[in-house]
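Okay, structure first, notes after.
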Amino acid sequence: MQRRTLIAVTGAALAGSMFGRITAASAATGWQQRWAPEASVDGLGAFEGVEDDRANSHPAGQPHIFVQDDNFRFNMHMVDRDSMTDRQRQEVKGMHAKGADLVVANGETWRWTYAMYIPGSLKATTTFTHIMQMKMPGDGSLPIVTTSLQRVDNMPKIQLHAFNNDVIVGRADLAPLQNKWIDVEFEMTVGDGAKGAVRWALHDGATAVIDVSRSGLDTFLGDRVRPKWGIYRSLGDTSGSLQDTYMLLTRMRAYKATTVAPVRYEAESAARSGGTVDSNHAGFTGTGFVNTENAAGAWVQWTVNAPAGPATLTFRHANGTTANRPMSLTVNGTVVASALAFDPTGDWTAWADVPYTTNLNAGSNTVRLTATTANGGPNLDRLDVVATAA
Ligand code: GCU
Ligand code: CA
């Protein structure tokens, strides 16, 4: 069985995510990749722990959890028993990278993506069949969130359940998703009371099967949150759906939402054509602002250092007139916006932010604003740069 080589989701991108708002002015949220195991390279060392037949109920079937091709494989036999013998469990727990276990803490937002193969033999049941859990470490607590294969009104479903609130966040028909690779996205803000949130999306190739979000959830119990993957199911099923089975996972990734501080570049320190550095209108940062020359073609150019990838450039300006003073935006000699609007701010002492997200190169970049009309540009105070690359 070959793993899929292409995953429909892009982990580092913010688009399509409820959590990925790019805020204009002073900081931006980006997804930082924290975990990217390759099964064939990292093996089960990708995880914090492996619960392979932890009650040693079926030694002849071990290992139940192993690497096959570039996939993590979880086998479940009818004879397997967990320490509580009314159920079965073959699960991995937690994430291990660069010699340490990853900690998902209260207040943090994380995103997981992976490809999953559910064969026809892994069926939905009338009692629980969990294939992913978010849990507090240690025994004795209920899961916080589960993905489960559940029979609902006699129909096999895959569903996401937020336990503390007893909310089914989303539910989809299971049958069309079996015997093929599907892409899973799961996002979670760990929060006590009602500060938690989740997003769950399944893609079958390019088709979005489900994409649901829920906030106002309690997703914190009292310790860090640890993901578990595998098969954990009750033997109490009354639909005849239990049989020997397995599940495959691959391309597992985890990203943490990280707020990146901006790097500030004052306009009065930038290169420019004409214009003056003034300080007669209050509210600027640094030692002044650039009063751009009132002419088409007048420009201000910053030299900006950044990692490769997307960055949000936020220009602060004042425009005490009643007309837009558009400028073109050129990055490393290429026009990326032909007429960025610098709208009236009401007064020369009223300053406003104009954000624009574009790609920067690793290292030094030139960022130039050029007036496109005879009125010239506005008064320019500064440029804030937030690199949102992973
Ligand atoms: C006024 C204002 C300047 C501004 C200029 C303009 O003179 O004081 O700060 O640059 O208008 O219209 O560009
Ligand atoms: Ca001017």
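Once you keep just the Cα pairs under 8 angstrom separated by 6 or more residues, what percentage relative contact order results for the chain?
Averaging sequence separation for qualifying contacts and normalising by length gives 19 percent for the chain.
If you average the alpha carbon positions of region 334-348 and of region 263-312, how far apart do those two centres end up, in angstrom?
Result: 13 Å between the Cα centres.
Within 10 Å of each candidate Cβ there may be at most 10 other Cβ atoms; applying that plus a DSSP loop requirement, which trypsin sites (Lys or Arg not before Pro) in region 86-150 survive?
Here the sparse-neighbourhood loop sites are Lys98.
Would you mind ranking Asp69, Asp80, Asp353 so that the residue whose beta carbon has the fewest other beta carbons within 10 Å leads the list?
Asp69, Asp353, Asp80
Quick one: net charge of Phe342's neighbours, Cβ under 13 Å, K/R +1, D/E -1? Mind showing how you got there, number by number?
On the way: positive: Arg316, Arg325; negative: Asp343, Asp353, Asp381.
The answer is -1.
Give me the distance in nm between label points sitting 7 Å out from Cα along the Cα-to-Cβ direction at Ala175 and Thr366, one decimal.
6.3 nm
Using the reciprocal of the averaged 1/r over all distinct C-alpha pairs, how large is the Kirkwood radius of region 320-390 in Å?
Computed over Cα pairs of region 320-390, the Kirkwood hydrodynamic radius comes out at 13.3 Å.
Counting pairs on different chains as well as pairs 8 or more places apart, how many Lys pairs in the chain have Cα atoms under 26 Å apart?
Lysine pairs, 8 or more places apart or on different chains, close enough: 24.
I want the local charge near His58. Using Cβ-Cβ distances under 13 Å, sum +1 for each Lys or Arg and -1 for each Asp or Glu among the other residues.
Residues close to His58 contribute a combined charge of -2.
Pop out the ³J(HN,Hα) list for region 250-267 in order, Karplus 6.51 cos²θ - 1.76 cosθ + 1.60 with θ = phi - 60°, rounded to Hz; leave Gly and Pro as x.
Coupling constants for region 250-267: 7, 6, 6, 9, 10, 10, 10, 6, 10, 8, 9, 6, x, 9, 9, 10, 6, 5 Hz.
If r is the Cβ-Cβ distance from Ala323 to Asn359 and R0 is 35 Å, what FRET efficiency results, to the nearest 0.05? Present the calculation step by step, with values, prior to reporting the outcome.
Values: r = 31 Å, r/R0 = 0.88.
Here the calculated transfer efficiency is 0.70.
State the Cα centre-to-centre distance between region 214-259 and region 94-165 in whole Å.
Measuring centre to centre over Cα atoms gives 1 Å.
Taking the alpha carbon gyration tensor of region 22-140, what are the square roots of 5 times its eigenvalues, largest first, to the nearest whole Å? Mind dumping the intermediate values first?
On the way: eigenvalues 191, 58, 46 Å².
They are 31, 17, 15 Å, listed from largest to smallest.
Tell me the Kirkwood radius of region 272-377: reciprocal of the mean inverse pair distance over distinct alpha-carbon atoms, in Å.
14.2 Å
Spin-label point model (7 Å from Cα, Cβ direction): what's the Asp86 to Asn56 distance in nm?
Label at Asp86, label at Asn56, 2.6 nm between them.
Could you tell me the convex hull volume per residue, in Å³, taken over the Cα atoms of region 39-89? Don't jump to the answer; show the numbers that get you there.
Values: hull volume 3.7 nm³, N = 51.
Convex hull volume per residue, Cα atoms: 73 Å³.
Suppose a student asked you for the relative contact order of region 236-292, using Cα pairs under 8 Å spaced at least 6 residues apart; what percent would you report?
Once divided by the residue count of region 236-292, the mean separation gives 27 percent.
May I ask you to derive the relative contact order of region 105-228, considering only C-alpha pairs under 8 Å and at least 6 residues apart, and to give it as an integer percent?
Relative contact order of region 105-228: 29 percent.
Once every DSSP H run of n ≥ 4 in the chain is given -39500 (n - 2.57) and the sum is divided by its residues, what mean residue ellipticity at 222 nm do you get, rounded to the nearest 500 deg cm²/dmol?
Estimated from H runs of four or more residues: 0 deg cm²/dmol.
Looking at the chain from every direction and averaging, what is the projected area of its Cα convex hull in nm²?
Over every viewing direction, the Cα hull of the chain projects on average to 22.4 nm².
How long are the semi-axes of the equivalent ellipsoid of region 126-239, defined as square roots of 5 times the Cα gyration tensor eigenvalues? Whole Å, largest first. Can you show the working numbers first?
On the way: eigenvalues 105, 62, 31 Å².
Equivalent ellipsoid semi-axes, largest first: 23, 18, 12 Å.
Under the Karplus relation 6.51 cos²θ - 1.76 cosθ + 1.60, θ = phi - 60°, what is the ordered set of whole-Hz ³J(HN,Hα) values for region 154-160, x standing for Gly and Pro?
6, 10, x, 10, 10, 9, 10
Asp69 to Asp153: FRET efficiency via 1/(1 + (r/R0)^6), r the Cβ-Cβ distance, R0 22 Å, to the nearest 0.05?
Taking R0 as 22 Å, the efficiency between Asp69 and Asp153 is 0.05.
No lab work stands behind these numbers, since they all come straight from the coordinates. Owing to the predicted nature of the structure, the values given are computational and were not obtained by experimental measurement. Positions of Cβ are backbone-derived with ideal geometry, glycine not excepted, and every protein chain shown enters the neighbour counts.
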